[in-house]
Amino acid sequence: MKKVIKNFFALILSLMMVFPLFGIANAESLKSNQDCGYKLSDFNLSNNLVKDSNSGFTINDFKLHKYPNDSNLMKEKNSLASSGTDLRVSSLNAHTSEPFPNEKPIKFSFIIANVGTNKINNQPVSIQVQLDNTDILDTSVTLTLETGVILEPDTYVQGSFYITGAGGTHTVTVVALPLFIKDCNISNNKTSGRFKWADCVSLSAASLSTSDGIYQFESNQTKAFTFKIANFGTLDAKNVLIRFKVNDTAIKNATVDKIEAKHIITGQIKITFYKHGRYNIELDVDPNRTVDNINADNNSKTTQVTVDYDTEIWAGKWKNARKLSVMIYGSAIDLINNDNAGNNATNKAKKAIHAWNGINSDASYGSIYTSNSDEGWNTLDKQVSVISYDTGDDSTIAFTALWEKDGDGYTEVNDVENDKCIYVKAAVCLNPEVYPKQPAKNQFRTITHEFGHVFRLAHPTCRDKAIMRQTWDPLMTYTIQPHDEYNLNRSY
Ligand SMILES: [Zn+2]
C-alpha cells in the first residue's frame with residue numbers, strides 16, 4: 001500500500017500557467033469569431049436544379065353558395081335530364097382579366113348542377129380543385145336540407161375559391177362526385193380551364209434546416225445547414241445575392257448567377273459553434289431588393305439551434321466520488337497560511353474545496369483533515385492529499401496528480417485524456433515558489449480549480465467561461481460556472 005510514487009514530474013497532469021507557454025497566438029487569431037460563439041466553416045451551392053412546376057400556388061376560401069329561393073333564375077339552361085342521380089360541373093370562370101396579377105388572390109367560380117331526375121338531399125360530395133393535374137384542394141361538402149343546399153332537378157349551386165400564384169399558364173380543374181350515391185354519368189363531373197398569370201421572377205427562401213435534423217447539440221461542433229431557394233416565377237432570376245446571418249450578424253454573402261424560372265436550388269452552409277446558447281440562423285434572399293421580384297415577403301427563412309456546453313472531461317473517474325476524503329498536509333498548510341491569504345486561510349481553503357458540493361449528489365468532498373507533517377501523504381489513507389511540491393519553475397501555481405489501481409498497489413495515470421481507469425488517489429500540489437505570491441482570490445480559485453481536476457474535469461477548449469480554464473485564459477473565473485456544473489453532471 002505504500003508503493004513509492006515514481007517519476008513525479010511525469011505525473012504532472014495539469015499545469016496552471018501564469019503565462020502561456022505556447023499556442024496562444026494561434027488561438028487568438030480566431031478570437032473575433034469564436035468570441036461571438038460561432039464561425040463560418042464551409043459554404044456551397046448545389047448545381048443540381050430541381051424542377052418544381054406547381055409549387056408556389058395556394059388555394060383558399062373555398063365556398064359553396066346556398067342557392068337563392070328564386071329557383072327560376074337558378075335553373076341551369078340546356079340541361080339534359082338523366083334518369084337517376086347526375087351532377088354536372090361547369091362554368092369555371094375567373095373574375096379578373098388575364099394575365100392575372102401575380103401573388104394576388106384570384107377569384108374563380110364554378111357551377112354544380114343537378115341534371116338528373118333525382119332530388120339530392122343530405123349527400124356528401126367530394127370536391128377536388130387541381131392545378132396542372134395536381135390537387136390543391138381535396139374536400140367534401142354535404143348538400144343538406146338544413147343548409148338549404150338541396151339540389152332539386154334542374155337547379156344548381158355555385159362554388160368559389162381563390163388561387164394565389166405567380167407566372168405562367170396553368171390548367172385549373174374542378175371535380176365533384178357524390179361519395180355514397182351512384183352518379184349515373186361521370187363524364188360531366190369535371191371541368192377545366194387554362195388561365196394565364198403575368199410573367200415574373202418569384203423568389204423565395206424555401207427552406208432552412210439542419211442537415212441531420214438535430215437542433216440541440218454540444219458546442220465545439222460544426223453543424224451543416226441545408227437550404228433551398230426557389231424561383232416559382234416564369235422568368236430567370238439573375239445575380240441574386242444571398243446572405244446568412246447568425247443572431248443578426250452577417251456571416252456569409254454569396255451571389256448566385258442565375259436561378260432559372262420554376263427551379264429550386266439547394267445549398268449547404270456549415271457553421272461551427274463554440275459557445276453555449278441559442279442561435280438564430282437566418283437566410284436572406286436578395287436582401288438589398290435589387291431583383292425585380294414580385295413578392296419579397298417570403299425572402300427570408302430562419303431556424304434556431306440550442307448549443308449546450310461541451311463535455312470536456314478526462315477518461316478516468318472515481319468508482320465512487322461521494323464524499324471523497326481530503327487531508328491537507330503540513331507543507332501545504334504553511335503555503336496556504338501565507339501573508340497574502342489573510343486570516344483563517346485554512347478555513348478559506350476548505351471552503352474553496354467544498355464549493356463543489358451540492359452540484360451532483362454522486363460527486364462531493366467529505367471531511368477535510370489537516371496534518372502537521374507530510375507523513376503518509378502518498379498513501380491511500382485519504383483519497384485526496386494537498387501538499388507542497390516544488391516544480392522547479394516559476395510559472396506553475398499548482399497541479400493535480402492522479403493514481404489508478406494497479407494490482408494490489410497503485411500507479412500514476414500518465415494519459416488522463418485517454419486512460420479509462422478508476423482513480424484511487426489524487427494529490428493537489430501547490431508550488432511553493434509561486435502559490436504564496438498570488439493574490440488571495442487567485443490562491444483560493446486555484447484550489448477550487450485543482451479540485452475540479454480531482455473529479456476528472458479538463459481544461460475547456462470552447463469559448464465558455466469556467467473555473468476550469470487556466471489562469472492566463474481571459475475566460476477564467478473565480479467561481480464555479482454552469483460549464484463546470486454541466487461537466488460534473490456529465491461525469492457522475
Ligand atoms: Zn488546470
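The values are calculated or read from the model by the stated rules, or taken from the named source; none is laboratory data. Nothing here was measured: the structure is a model prediction, and the numbers come from that model. Note that each Cβ is placed from the backbone with ideal geometry, even for glycine, and that neighbours are counted across all protein chains shown.
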Which of the residues that make up segment 191-209 are in contact (Cβ under 8 Å) with a residue 40 or more places away in the chain and either in a loop (DSSP other than H, G, I, E, B) or surrounded by fewer than 17 Cβ atoms within 10 Å (Cβ to Cβ) (or both)? SER192, GLY193, LYS196, ALA198, ASP199, CYS200, SER202, SER207, SER209
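Consider SER325 carefully, then state whether it is part of a helix (DSSP H, G or I), within 27 Å of GLU404 (Cα to Cα) and either assigned by TED's automatic domain parsing to the domain that holds ALA458 or modelled with pLDDT under 95 (or both).
Numbers: part of a helix (DSSP H, G or I): no; within 27 Å of GLU404 (Cα to Cα): yes; either assigned by TED's automatic domain parsing to the domain that holds ALA458 or modelled with pLDDT under 95 (or both): yes.
No, not satisfied.
Yes/no per residue for (1) surrounded by fewer than 17 Cβ atoms within 10 Å (Cβ to Cβ); (2) over 30 Å from ASN414 (Cβ atoms):
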position: ARG278; (1), (2): yes, yes
position: ILE281; (1), (2): no, yes
position: PRO287; (1), (2): no, yes
position: ASP297; (1), (2): yes, yes
position: TYR309; (1), (2): no, no
position: TRP318; (1), (2): no, no
position: MET327; (1), (2): no, no
position: LEU335; (1), (2): no, no
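May I ask you to list the residues in segment 463-474 that are free of Cβ contacts under 8 Å to residues at least 60 places away in the same chain, within 13 Å of the ligand (Cβ to nearest atom) and in a loop (DSSP other than H, G, I, E, B)?
Just the residues of segment 463-474 that are free of Cβ contacts under 8 Å to residues at least 60 places away in the same chain, to begin with: 465-467, 469, 473-474.
Remaining after also requiring within 13 Å of the ligand (Cβ to nearest atom): 466-467, 469, 473.
Scanning segment 463-474 gives ILE467, ARG469, ASP473.
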Out of the residues in segment 445-462 meeting the condition of being of a type in the set (S, T, N, Q) and assigned to a helix (DSSP H, G or I), tell me which one is farthest from the ligand (Cβ to nearest atom). THR448
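Name the residue, out of THR391, THR379, THR370, that is assigned by TED's automatic domain parsing to the domain that holds GLU485 and either within 15 Å of ALA321 (Cα to Cα) or within 16 Å of the ligand (Cβ to nearest atom) (or both). Can you show your working first?
Values: THR379 fails: either within 15 Å of ALA321 (Cα to Cα) or within 16 Å of the ligand (Cβ to nearest atom) (or both); THR370 fails: either within 15 Å of ALA321 (Cα to Cα) or within 16 Å of the ligand (Cβ to nearest atom) (or both).
After applying the criteria, what remains is THR391.
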Residue match in segment 424-444 (condition: away from the ligand (no atom under 15 Å from the Cβ), among the β-branched types (Val, Ile, Thr), at pLDDT 95 or above and not in a loop (DSSP other than H, G, I, E, B)): yes
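Mind listing just one residue for me: the one in segment 252-290 that is among the basic types (Lys, Arg) and within 18 Å of the chain's Cα centre (by Cα) and, of those, nearest to TYR215 (Cα to Cα)? So that I can check it myself, show each step before the final result.
Taking segment 252-290 and keeping what is among the basic types (Lys, Arg), we get 252, 258, 262, 270, 275, 278, 289.
Subset that is within 18 Å of the chain's Cα centre (by Cα): 270, 275, 278.
Details: LYS270: 14, LYS275: 15, ARG278: 10 Å.
Within segment 252-290, the match that is nearest to TYR215 (Cα to Cα) is ARG278.
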Unmet requirement for GLY407, which otherwise passes all of (1) more than 13 Å from the ligand (Cβ to nearest atom); (2) touching a residue at least 12 places away in the same chain (Cβ under 8 Å): (2)
Going by what's in this entry, would LYS441 be described as out of contact with any Phe, Trp or Tyr (no Cβ under 9 Å at 6 or more places or on another chain) and assigned by TED's automatic domain parsing to the domain that holds ALA466? no
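Residue by residue through segment 416-449, note down the ones that are within 34 Å of the chain's Cα centre (by Cα) and not basic (Lys, Arg).
Residues of segment 416-449 that are within 34 Å of the chain's Cα centre (by Cα), as a first pass: 416-420, 448-449.
Those that are within 34 Å of the chain's Cα centre (by Cα) and not basic (Lys, Arg): VAL416, GLU417, ASN418, ASP419, THR448, HIS449.
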Residues that are closer than 26 Å to GLY233 by Cβ and either surrounded by 13 or more Cβ atoms within 10 Å (Cβ to Cβ) or at pLDDT 90 or above (or both): does segment 72-93 have at least one? yes
